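First up is the structure itself, then whatever we jot down about it.
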Amino acid sequence: SIFMNSPRILWQPSPDFIQNSNLTRYASWLKQRHGLDFQDYQELHCWSVENLETFWESLVAYFDINLYSPYNSVLSGGPMPTYRWFEGATLNYAEHVFRQKNAEHPALFFASETQPLTELSWNELYRQTAALAAWLRQAGVRPGDRVVGYLPTIPQATVALLASLSVGAVWSSCSPDFGTASVLDRFRQVEPKVLLAVTGYQYGGKWFDKTADVAQLVAELPTVENVIYLPSDRAAPAQSEERGKSVGTDWQSVLQTPATELIFSPVPFAHPIWILYSSGTTGLPKAITHSHGGVLLEHLKYLTFHNDVKPGERFFWYTTTGWMMWNFLNASLLVGATAVLYDGSPGYPDLNVLWKLAQDARIQHFGTSAPFLMTCLKNKLEPHKSFDLSALRSVGSTGSPLPPEGFTYAAERVKPGVWLSSMSGGTDICTAWVGGCPWEPVVEGEIQCRCLGCAMEAFDEAGQPVTEQVGEMVVTKPMPSMPVFFWNDADFARYRASYFEEYAGLWRHGDFVRITARGSIVIYGRSDATLNRQGVRIGTAEIYRAVEQIPEVKDSLIVHLERPDGSDFMPLFVVLNENVALDDALIARLKAEIRRQYSPRHVPDAVLATPEIPYTLSGKKMELPVKKILLGQAPEKVVNAGSVRNPEAIGWFVEWARESR
């Protein structure tokens, strides 16, 4: 049998489920339009990557993409990363959202720790977006200018995104749980013209006043000409006229801007749509820039075919505005879904809060992170027994690998018979490389498929594609939602260094992956040193920046250990100055500084004193070798002694790993 080791099938699509899927409708269209006939998903996927131009061009026709001017060619240039898609074409992403405007279903549902479930109609979303777009144009915002948000996951953030895109401005956002140092590292790079901000938010039952943080952002972002203050429960806007900057405007007055209709500026296919940020493992976070056309086609493809989202269904993902899943959540509007937004802690007042939301909002597609599902498992929650989840069709999981028991938990305890649609992708492409398939079974611990148009392989040490063994994840052909460039990286130097140094012209993603003989996927976590907690990635460099500002600390190293059972452990190792002891007070200060500057998610689980940190000859901290040693790999297999500046430093970690096991 092709099912090696008799893997456990947790879900099998019924004939009706397959027949009624969006993917079947597309396959029928391909047969009718192009005379193509596919026996199964593997054949369809093979065709999509072997006939890239035909496949992506078929989506322009299938989704009836509104082009203001036609394209000269589907794909030109190359090799990666310099391919160009649909040159000559002009369009607007936001216009395709509002093509779904209707009176039958709301556009948004919203709830928070302080606000019960409310809805926003398509008419009201249109009215608010038109008003803000008119205000932005009056404020001198032109296509290509940057508009940034320091905002929680609230409806106003969605309005701000859509208004910015409609005028051709480039959007970028950070969640207010990121400290100002972290936000400035990001926003300074992109030189925004307009800042939208809240001056406080509630999380976990506690109020966080961000008035001083916002004032600091305004003071230290010299290109910002206008600030829009959004309503928050307690804090009043802190208005600023510093350096002749326009007085801060409040959200309600912006919404009074006269606008009879929402105008969409046509922009080139490759025109920047938004800037997302890498984790900043080496220096400043990379400002990853995507395109209007690229993410439009990609989001329509994934949500329609891989997530099987239908018009009028409710689509939820638990996310902050600082994670690409927020962009993806808003993309559900493209397919006529109602996007369900939640602002607050997934564990407050208890772990049932999001499952209650699933009941109250009648959510069909519930998206979360692997750690959330594992936490629910450990706390023995059985949501289907406590709540009416009859509407629920799929549970999505991403952010980090979901272990096999997490798959089983979702399929049996969240709701028996629910489709677990695990996916893996990233900020780099603002979508998934691998994910759900309504035609395939869900096997315990395995992601169902490689996505259409994604030519992905597992490479062995010799750089050869392998099946049924763990390898380096490599994408061998371009996709439209790969970044058009990194901001301020005119010669593509940082872009090439990020993905193309290992294999010329091929994208190395930085994940360990196994592709089964059946075409399913198992992801084994990062092959680099990114810290990924609850789906929010942050670079080690950002932690070092915070920790090493404390005078007692000479040096530091942090690693994130993802264990096979789905738990994780993030120790911080510090080298202290002479005559300094690592006591409880110093540990508390270290943790407080990380929390203040960056994110509460990235506070280490333990702080340990070490005599020294191992460095390469070129002066780089040896994070990945230390991580592998702490995960139990043999030191001689992960460290080349000749490349270590201070080999004795490695010995301490080997010993600590042995003792801690």
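The values are calculated or read from the model by the stated rules, or taken from the named source; none is laboratory data. Note that the coordinates shown come from a computational prediction; the quantities given were computed from them, not determined experimentally. Cβ sites come from the backbone with ideal geometry, for glycine too, and all protein chains shown count toward neighbours. Areas reflect the complete protein model, heavy atoms only, side chains present, ligands, DNA and RNA absent. Shrake-Rupley method; radii C 1.70, N 1.55, O 1.52, S 1.80 Å.
Some points to look at:
- Loop-resident GluC sites (Glu not before Pro) (DSSP state other than H, G, I, E or B) in the range 1-101 with no more than 11 further Cβ atoms inside 10 Å of their Cβ are absent.
- Positive-end residue, the chain charge dipole about Cα centroid, Cβ charges, pick of PRO258, PHE485, LEU624: PRO258
- The accessible area of THR289, taken with all protein chains in place and a 1.4 Å probe, comes to roughly 0 Å².
- Each Cα pair under 8 Å and six or more residues apart adds its separation to the average, and for the chain the resulting relative contact order is 13 percent.
- Altogether, the Stokes-Einstein calculation at 25 °C and 0.890 mPa s, with the Kirkwood radius of the range 1-151 over Cα pairs as Rh, returns a diffusion coefficient of 120 µm²/s.
- Pairs spanning more than 19 Å between alpha-carbon atoms, out of LYS356/LYS415; LYS380/LYS415; LYS286/LYS637: LYS286/LYS637.
- Normalising by residue count, the range 83-162 has a Cα convex hull of 147 Å³ per residue.
- Between the range 193-207 and the range 37-79, the alpha-carbon centres lie 41 Å apart.
- Pairwise centroid distance, computed over Cα atoms, of the range 482-515 with the range 87-108, Å: 31 Å
- For the range 22-38, backbone phi angles converted through the Karplus equation (6.51, -1.76, 1.60; θ = phi - 60°) give residue-by-residue couplings of 4, 5, 5, 4, 5, 4, 5, 5, 4, 5, 5, 7, 10, x, 9, 9, 10 Hz, Gly and Pro being listed as x.
- Amide hydrogen proximity for GLY399: with H placed 1.01 Å from N in the peptide plane, the residues at 5 or more positions away or on another chain lying under 5 Å are GLY425.
- Pairs of alpha carbons in the range 579-620 separated by more than 16 Å make up 51% of all such pairs.
- For the range 584-661, diffusion coefficient by Stokes-Einstein and Kirkwood Rh (Cα), 20 °C, 1.002 mPa s, µm²/s: 153 µm²/s
- Partners for LYS628 among aspartates and glutamates (Cα-Cα distance below 12 Å; same-chain residues under 8 apart left out): ASP528, GLU562, GLU636
- DSSP assigns beta bridges within the chain; of those with both partners inside it, close to 55 percent run antiparallel.
- Placing +1 on each Lys and Arg Cβ and -1 on each Asp and Glu Cβ, with no other charges, gives the chain a dipole about its Cα centre of roughly 560 debye.
- Alpha carbon Rg of the range 187-227, scaled by the compact-globule rule 2.2 N^0.38 Å: 1.31
- Between the range 583-654 and the range 261-330, the C-alpha centres lie 34 angstrom from each other.
- Beta bridge orientation in the range 147-213: antiparallel %, DSSP, nearest 5: 35 percent
- Stretched out straight at 0.36 nm per residue, the stretch from LEU36 to ARG661 would grow longer than its current Cα-Cα span by 219.4 nm.
- Computed from the C-beta positions of ALA606 and PHE492, the FRET efficiency with R₀ = 25 Å rounds to 0.05.
- Ellipticity estimate at 222 nm from DSSP helix runs (n ≥ 4, -39,500 (n - 2.57)) divided over the chain, nearest 500: -8500 deg cm²/dmol
- Calculated P(r) of the range 432-537 - Cα pairs past 18 Å, %: 54 percent
- Compactness of the range 492-609, expressed as Rg and Dmax over alpha-carbon positions, Å: 17.5, 59
- When the Cα convex hull of the range 367-496 is projected onto planes of every orientation, the mean area is 10.4 nm².
- Equivalent ellipsoid, the range 259-396 (semi-axes from 5 times Cα gyration tensor eigenvalues, Å): 30, 21, 13
- Summing charges over all other residues whose Cβ lies under 13 Å from the Cβ of VAL580, with Lys and Arg as +1 and Asp and Glu as -1, gives -2.
- Over the range 489-530, volume per residue of the alpha carbon convex hull, in Å³: 94 Å³
- Table column - 3J(HN,Hα) (Hz), the range 576-588, Karplus curve with 6.51, -1.76, 1.60, x for Gly and Pro: 9, 5, 4, 6, 10, 9, 7, 9, 4, 5, 5, 4, 4
- Cross-link partners for LYS301 among the lysines, with Cα-Cα distance under 21 Å and sequence neighbours closer than 8 places in the same chain left out: LYS31, LYS101, LYS310, LYS477.
- Radius, Kirkwood style, for the range 410-482 when every pair of distinct Cα atoms is counted (Å): 13.8 Å
- The Rg/Rh ratio for the range 1-64 is 1.06, where Rg is the radius of gyration of the alpha carbons and Rh is the Kirkwood radius.
- Altogether, the Stokes-Einstein calculation at 25 °C and 0.890 mPa s, with the Kirkwood radius of the range 28-94 over Cα pairs as Rh, returns a diffusion coefficient of 182 µm²/s.
- Theoretical gain in end-to-end length, GLN633 to THR467 [0.36 nm per residue, Cα-Cα removed]: 57.5 nm
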